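Structure first, then comments.
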Amino acid sequence: MLDGIRVLDLTMWAFCPAAGSVLAEWGADVIHIENAKAPDPMRLFGGGSIEPGKSHWMFKHYNRGKRAIALDLASDEGREVLYDLVRNCDVFLTSFLPATRKKLGFDIEQLRVINPNLIYAKGTGAGPLGPESERGGFDGASWWARGSLAATAMEVTNTDFPPAMLGHGDGMSGLVLAGGIVAALFKRERTGEVTVVDSSLFGTAAWFNAPAIIGETVDPANNTMGKYSAREKRHWSVGDYATADGRYVHLTFLGDRQDQWLDLCNLLERDDLAQDPRFLTSVERAVNTLALMDELDAQFATKTLNDWKPILNQAKGVWAPVQTVGEMVNDPQAQANRMIRMVTDEGGTQPIVMPPVMFNEDAGPGNPAPNFAQHTDEVLAEIAGFSPERIAELHSSGAIA
């Protein structure tokens, strides 16, 4: 989709690198730039190293498919190398704050002088405007805590202390930022106008939790989004039922359609429920929903989750097993759609999760992440046109690694 698009990815940690990895899966040539004297800290996270294949597994997930170079942007030579690359790139992606961007010479105005057609994209904790626009952010703070998600998790689970973060705000936010970059590329293609693209962890959290935010503002007395709901207050058609092995089946039979209800009774071998006066129509089932839940609790408890899977896969209504993260890798739908790939490098094999967008039923190549400075010489020769002698001089001076 993005063949021929070149992205300079001067980012660290996970949010903005995630955006770059999505663009790489979509076909862009993404070049991850690291400090020649200090690699991306995510490489070293949790005992990772710069040895080939030894970067932390999260670095490998969020930097798959990129090329990697190392520059010393504190040096004049290193900055000049960056500018030579900027002249031949379409997008500049960064996670650095304004003070650092200006100090090291890669803020918007500084790069637009070099390449007026450059799409400049930046990810921040809380957005580019406002009193905290120049403060840093991590997803645990800007997305999970400030973005209302930790408090909402407390609310829906009826607990009194914020739980650990569910999911990863960096990955969600990076996907959103990648979409914004593609929109800016499209606008440039159609109009010739270049755009500055901004996205934030805080803003992505607001979008993610929008129904709860809106409901709490518009109708707080009746808002149910992001609220604890006791099981006895729910409708039978949307909920969870325990199986014989302590697992759970989730039903989402929205609207309680009669054909889906009769079909479920047949699959459960409980035609008596279909004839029960308490459950004849959706009206009776709503009035007697607790009694129906008791019947379904007893029925689902007669078989294991694995026993129920082939039975419920025939259902007209929507259902799902309540799965663990470990089961996701072997989920038949995940395998069929290649949502989770196994990637091998010098350090071994690990799964990576693909972006949830497919083009012609393919989510991308799923290539490995690069080693530290793996492509410095290759990129400088190919894009900047440097000779082997010039590249050797830059290595000797420490401007590149």
In the chain, which whole DSSP H runs stretch at least 24 Å along their own axis (Cα) and average -1.0 or higher on the Kyte-Doolittle scale? 169-191
Using a Förster radius of 41 Å, what is the FRET efficiency between L166 and Q314 based on their Cβ-Cβ separation? Nearest 0.05, please. 0.85
Which shape class applies to the stretch 281-401: rounded if a/c is under 1.5, otherwise prolate when a/b exceeds b/c and oblate if not, where a ≥ b ≥ c are the square roots of the Cα gyration tensor eigenvalues? prolate
Stokes-Einstein, Kirkwood over Cα pairs, the stretch 222-281, 10 °C, 1.306 mPa s; D in µm²/s equals 119 µm²/s
log₁₀ I(q)/I(0) of the stretch 231-324 at q = 0.14, 0.20, 0.21, 0.24 Å⁻¹, via Debye over equal Cα point scatterers, no solvent, to two decimals? -0.44, -0.95, -1.06, -1.42
In angstroms, what radius of gyration and Dmax does the stretch 1-137 have, counting Cα atoms only? 14.5, 42
With the chain treated as a Gaussian network of Cα nodes joined by springs under 10 Å, which of S173, S229, S142 yields the largest mean-square fluctuation? S229
Please state the shape class of the stretch 74-192: rounded when a/c is under 1.5, otherwise prolate if a/b exceeds b/c and oblate if not, all from the C-alpha gyration tensor. prolate
Using a basic spin-label model with each label point 7 Å from the Cα along Cα→Cβ, how many nm lie between D245 and M225? 3.7 nm
For the chain, modelled as a Gaussian network with Cα springs under 10 Å, which listed residue fluctuates most, S387, S148, S95? S387
Express in nm, to one decimal, how much length is gained between D259 and V283 on full extension, taking 0.36 nm for each residue of separation and deducting their alpha carbon distance. 7.2 nm
For the stretch 84-242, averaging the sequence separation of alpha carbon pairs under 8 Å that lie six or more residues apart and dividing by its residue count, the contact order in percent is 25 percent
Computed over the Cα atoms of the stretch 162-307, what is the ratio Rg over Rh, Rh following Kirkwood? 1.16
Label point 7 Å beyond Cα of K102 along Cβ direction - residues of the stretch 128-142 with amide nitrogen under 19 Å: 128-137
Taking 28 Å as the cut-off for C-alpha to C-alpha distance, list the pairs among K103/K187; K37/K103; K227/K309; K66/K187 that go past it. K103/K187; K227/K309
Calculated [θ] (222 nm, deg cm²/dmol) that DSSP helices of n ≥ 4 give over the chain, each run adding -39,500 (n - 2.57): -11000 deg cm²/dmol
Among D139, D276, D76, which one shows the biggest mean-square fluctuation in a GNM of the chain, springs joining Cα atoms closer than 10 Å? D276
Rg to Rh, two decimals, where the stretch 21-92 supplies the alpha carbon set and Rh follows Kirkwood: 1.00
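Each reported figure results from applying straightforward, stated rules to the coordinates on display, with no laboratory input. Note that the coordinates shown come from a computational prediction; the quantities given were computed from them, not determined experimentally. Glycine also receives a Cβ, built like all others from the backbone with ideal geometry; neighbour counts cover every protein chain displayed.
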